[in-house]
Every structure is written in C-alpha cells, then in structure tokens.
Amino acid sequence: MARSQQPKLRKALRLTDGVALVIGITIGSGIYSTPSIISGYFVSFSGIAAAWIGVAFFIVIGALIYAELGTRLPTTGGEYVYLTTCYGPFVGFMFGWSQLFIIRTSAAAGLSIIAADYVGFFFNLSPTAHMAVALSIIWGLGVFNYVGVQWASLFQKVTTLIKVVGLIALAAGGVFFLSSAANLLGTTLPTTTGVGPFGNVIAALMLIVFTHIGFDRVGYVAGEISNPREVIPKTMAIGTIIIIGIYWLMNTTYHYALGMEGMRGTATPAADVATILIGSVGAGAIAILAIISAAGSINGTMMSSTRVYYAMAHDGLFFKTLDYVHATFRTPSRAILVHCAWASVLLVIRGSFETLAAGMVFAILIFYTLTTLAVFKLRRLKIGEEISWKMPFYPWLPIIYLVGVVGLLVVRIIFEFEKSLIDFAFVASGLPISFFWLRKRKNSDKHDAAAT
C-alpha cells in the first residue's frame with residue numbers, strides 16, 4: 001500500500017487525555033518504594049524535602065522545554081522528531097533504538113514484575129505463575145493499544161483517576177487521622193551509606209529523577225492530539241503540577257507517620273501508613289493501587305513509545321513493516337506488537353526489576369541533554385512553527401536545566417563508572433545497526449531521485 005493511501009493516525013487525544021498520559025506514565029511504582037531508600041541518604045526530612053523540591057524545579061523547566069518543542073514540531077515521534085530535525089537521522093536512530101532496546105521496554109518489563117508482585121499479595125504465585133501474570137499484563141495492555149488509541153486512552157484516564165484519587169486520599173487521610181498522633185517529621189538519624197554527603201545527595205537525586213520520568217512523553221503522540229499548540233503546553237503545566245503536589249503530599253505523610261527510623265525499616269511505606277489508618281485492609285487497598293499505578297504507567301509508555309518506532313520506520317530508518325497503520329483501528333499496530341514482544345524477551349531473560357531499571361536513567365539523561373540543546377538550535381535557525389508556544393525566560397531556564405542534567409551525568413560516571421559503562425554499552429549497541437539502516441536509506445533516496 002502506498003504511503004499516500006495509508007490510513008492516518010486518528011487525532012483523538014485532547015487535554016484530559018494528555019494530562020492522563022503524563023500523570024499515568026510518571027506515577028508508576030517509584031512513589032511506593034523510592035522514599036524509603038532515599039531516607040537512608042539524609043539525616044532528616046528537611047534534607048529530603050529540599051532534594052524533592054530541587055528536582056521538582058528542574059522538572060518544571062524540562063516540561064517547559066518539551067512544551068515548546070512539541071508545539072514547534074507537532075508531529076508523532078516526540079524526541080525522535082526533535083533530534084532528527086536538529087542533528088540528522090543518525091542521532092534520531094540512536095534515540096529510537098535506545099527506546100526499543102533498553103529504555104521503554106525495560107520499564108514495561110520491570111513494572112509488570114512489580115504489578116505481579118502485588119498480585120501475589122492476594123494469591124500465592126509460583127515463579128512460573130508470577131512470570132505468566134507479568135507477561136499477561138504486558139500483552140493485555142498491548143491489546144488495549146492495538147484496538148484503538150481511544151481505548152488505550154480511556155484505560156489511561158481511568159487508571160490515572162484511580163491512582164490520583166487513591167494517593168490523595170491516603171495523604172489526606174494521613175493529615176486528618178494522624179494530626180492527633182505524634183509528629184515524626186523532626187526525627188533525625190545518621191545516614192546509612194559510606195559514600196559521603198555529596199555522594200548521598202547525588203544517589204538520592206538519581207532516584208528522585210527516576211520517579212519523575214514521564215513528563216517528556218506527550219510529544220510522542222502529538223500527531224494524534226487535536227490542536228497540539230494549545231493542548232501540549234496546558235498538558236505539561238497541569239500534569240507536572242499535579243505530580244509534584246502528589247509527591248510532596250506522599251513524602252510528608254510518610255515521614256509524619258513513620259519518621260526516619262520507620263521509613264528506613266520498611267520497603268512499603270504507603271502500605272505501612274495505610275495500615276496505621278485503617279488496619280490490614282489498608283495494605284490490601286495499597287496493593288490494588290500499586291497494581292493500577294504500574295499498569296497505567298506501562299500503558300502510557302506503550303501508547304507513546306510505539307509511535308517512535310512507527311515514525312522511524314516511516315522515515316526509512318527501521319523495519320519497513322513497522323511503517324503501518326491498522327486499517328480498522330488506526331493504530332501503529334505492528335509497532336505495538338514489537339514493543340510487547342521485546343518487553344517480554346527482556347522480562348524472561350533479565351528477570352528482576354532492579355536489573356531492568358538500572359540502565360534507564362543514565363540513557364535518558366544523555367538524550368535529555370541533546371534535546372535541551374535542540375531548543376537553542378531550533379530557535380536560532382527558526383526551525384519549526386514560529387507561531388508555536390515559547391517557553392519564558394529563554395535562554396536562562398534551558399541553560400540551568402542543561403547544567404543540571406550534564407552535572408548528573410558526569411557525577412554518575414565518577415561515582416558509578418562500571419554501571420555507567422554498562423548502561424552506555426546498551427545505547428551504543430545500536431551503532432553497527434545504524435550504519436546498515438542509514439546506508440539503506442541513502443540508497444533508497446538515490447533510487448527515488450533517479451526515478452524522478
């Protein structure tokens with residue numbers, strides 16, 4: 001079928017869909033587990049609060065950057081489009097390859113493990129059954145995405161509403177019921193690690209950044225958003241504000257109820273707080289909420305990242321079969337199948353959440369750096385739609401953001417060189433493959449030019 005005759009992606013996403021996508025992807029499992037780990041890196045809650053506020057400041061700037069990029073180049077593919085436009089097909093391919101090979105599929109596999117863990121709260125699962133549940137979650141969500149973006153978006157909105165209401169209810173319940181209990185926010189303890197104050201802060205910041213990853217994903221489905229110039233900036237603003245507010249409420253509630261000692265003594269602070277509030281029923285409610293949160297994050301990532309594979313194939317930089325929109329469902333159905341298949345392979349081969357999540361943040365920070373630099377180039381060369389929404393306080397805000405992202409990269413390399421090297425190897429694995437696809441595209445372009 002000729003490209004001109006192919007069905008087009010349906011422009012069915014509106015403001016509520018975009019906000020649900022941002023929140024649904026970002027609030028996955030991090031807020032249920034990372035706060036207890038982070039508590040070991042600080043002496044008191046005041047230091048923890050400062051770290052979360054600092055990261056929130058950078059996330060707001062990042063959202064502003066991506067809002068401008070998404071309105072300047074409002075086509076499906078997000079960062080792939082921005083990077084290809086600014087740096088050429090090689091960088092675009094390396095980004096897309098990293099998304100499929102390690103970043104987004106690892107997230108799907110890892111979160112499916114967490115969801116299966118919480119299913120195990122209600123049922124005694126053997127290792128085989130646990131794996132089957134995790135795989136079923138990936139493919140079940142794949143079906144939602146396959147049969148129509150409107151169905152995947154509906155699932156996203158419902159799960160996002162449930163997780164937001166659930167987390168706010170837990171935080172509000174903590175404020176109301178614990179107001180008569182002892183306030184443990186002021187408790188202090190020595191740190192539990194031996195990497196020094198600076199190393200502690202960097203390690204904590206990496207975890208906090210991990211919990212915020214997701215704000216960048218709306219641009220991936222820009223081609224399916226009605227009126228993206230208006231919707232994308234509003235989506236970024238509303239979504240990030242809600243996320244930051246929920247994270248602040250949850251951290252404050254955790255530490256109010258459990259204190260530094262209680263936080264360090266548990267891997268499930270949300271369940272512990274719920275148990276204090278409403279007894280053992282609370283732990284079950286949190287288990288359900290964690291499953292919904294993980295499933296919503298997997299679904300949102302699948303909605304967005306599969307559009308990158310489709311966009312790459314459409315540009316002749318990936319398997320041609322992925323340049324396909326289902327005639328009935330109007331979705332990039334083959335890209336969705338590939339995403340589910342590779343996530344399943346990673347799940348079976350690697351097996352643990354820690355292993356799957358290890359390479360994500362480092363690789364993402366590399367492309368955050370390149371994407372931020374793209375803002376300067378697009379503005380300078382007046383690339384894209386000049387009537388687009390423009391971020392305020394340019395160029396100072398993107399400069400601050402760039403310094404922060406590069407700083408985290410450099411410090412992570414210094415403190416965790418071997419892990420950084422392994423993470424980079426996953427990204428670099430696309431280099432030999434890129435030469436094949438770039439050569440193939442070049443030959444194809446020459447053939448098309450000769451034909452005309």
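Please treat every number below as a calculation from the coordinates, not as lab data. Here the structure is a predicted model, which means the values were calculated and not measured. Here the Cβ positions follow ideal geometry from the backbone for every residue, glycine too, while neighbour counts run over all protein chains shown.
Odds and ends about this structure:
- Mean separation of Cα contacts under 8 Å (6+ apart) over length of the chain, as relative contact order %: 35
- Trypsin sites (Lys or Arg not before Pro) within the range 341-417: DSSP coil, no more than 10 neighbouring Cβ in 10 Å: K382
- Note that the range 303-318 has calculated 3J(HN,Hα) couplings of 4, 8, 5, 5, 5, 5, 4, 4, 5, 5, 5, 4, 8, x, 10, 8 Hz, one per residue in order, obtained from phi through the Karplus relation 6.51 cos²θ - 1.76 cosθ + 1.60 (θ = phi - 60°); glycine and proline are x.
- For the chain, the longest principal axis of the alpha carbon atoms and the long axis of helix 196-212 meet at an angle near 60°.
- Crossing angle, helix 149-177 versus the chain [Cα axis fit, 0-90 degrees, rounded to tens]: 20
- Ellipsoid fit via the Cα gyration tensor, the range 228-268: semi-axes of 34, 9, 5 Å, each the root of five times an eigenvalue, largest first.
- Taking the charge dipole of the chain about its Cα centre, with +1 at Lys and Arg Cβ atoms and -1 at Asp and Glu Cβ atoms, the residue from T355, L185, S33 reaching farthest to the positive side is T355.
- The gain in end-to-end length when the I241 to S280 segment is fully stretched comes to 10.9 nm, 0.36 nm per residue minus the alpha carbon separation.
- Backbone geometry of the range 93-109 corresponds, through the Karplus equation with coefficients 6.51, -1.76 and 1.60 at θ = phi - 60°, to 3J(HN,Hα) couplings of 5, 4, 5, x, 4, 5, 4, 6, 7, 9, 6, 7, 6, 5, 4, 4, 5 Hz, x marking Gly and Pro.
- Highest mean packing comes first when the peptides 297-305, 96-104, 231-239 are listed by Cβ atoms within 10 Å, giving 297-305, 96-104, 231-239.
- All Cα-Cα distances of the range 217-296, cut into 5 Å bins from zero to the largest, leave 3, 13, 15, 18, 16, 10, 9, 9, 6, 2 percent in each bin in turn.
- Peptide packing for 16-22, 114-120, 127-133 was compared via the average number of neighbouring C-beta atoms within 10 Å per residue; ordered from the highest value, the list is 16-22, 114-120, 127-133.
- Part-to-part distance (alpha-carbon centres) for the range 144-173 and the range 253-312, which is given in Å: 13
- Angle between the chain longest axis and helix 269-278 axis [Cα atoms, degrees, rounded to 10]: 50
- Overall form of the range 32-117 per C-alpha gyration tensor (a/c, 1.5; a/b vs b/c): oblate
- Counting only DSSP H runs of at least 4 residues, each contributing -39500 (n - 2.57), and dividing by the residue count of the chain, the helix-based mean residue ellipticity at 222 nm comes to -25000 deg cm²/dmol.
- Theoretical FRET efficiency, 1/(1+(r/R0)^6), r = Cβ-Cβ of A182 and A267, R0 22 Å, to 0.05: 0.45
- Hydrodynamic radius (Kirkwood) for the range 277-389, which is based on Cα pairs only, to one decimal in Å: 17.8
- Remark: the Cα gyration tensor places the range 104-261 in the prolate category, a/c being 1.5 or greater and a/b exceeding b/c.
- For the chain, alpha-carbon Rg relative to the globular expectation (2.2 N^0.38 Å, N residues): 0.97
- Nearest-20 debye value, the chain charge dipole, Cβ charges on Lys, Arg, Asp, Glu: 1360
- Filter on K234/K419; K163/K234; K163/K419; K157/K419 - keep pairs with C-alpha separation over 30 Å: K234/K419; K163/K419; K157/K419
- A simple rule links phi to the HN-Hα coupling: the Karplus curve 6.51 cos²θ - 1.76 cosθ + 1.60 with θ = phi - 60°, which for the range 60-74 gives 4, 4, x, 5, 5, 4, 6, 5, 5, 4, x, 8, 5, 10, x Hz, with x for Gly and Pro.
- Here r is the Cβ-Cβ distance between V158 and K320 and R0 is 22 Å; the resulting FRET efficiency, rounded to 0.05, is 0.05.
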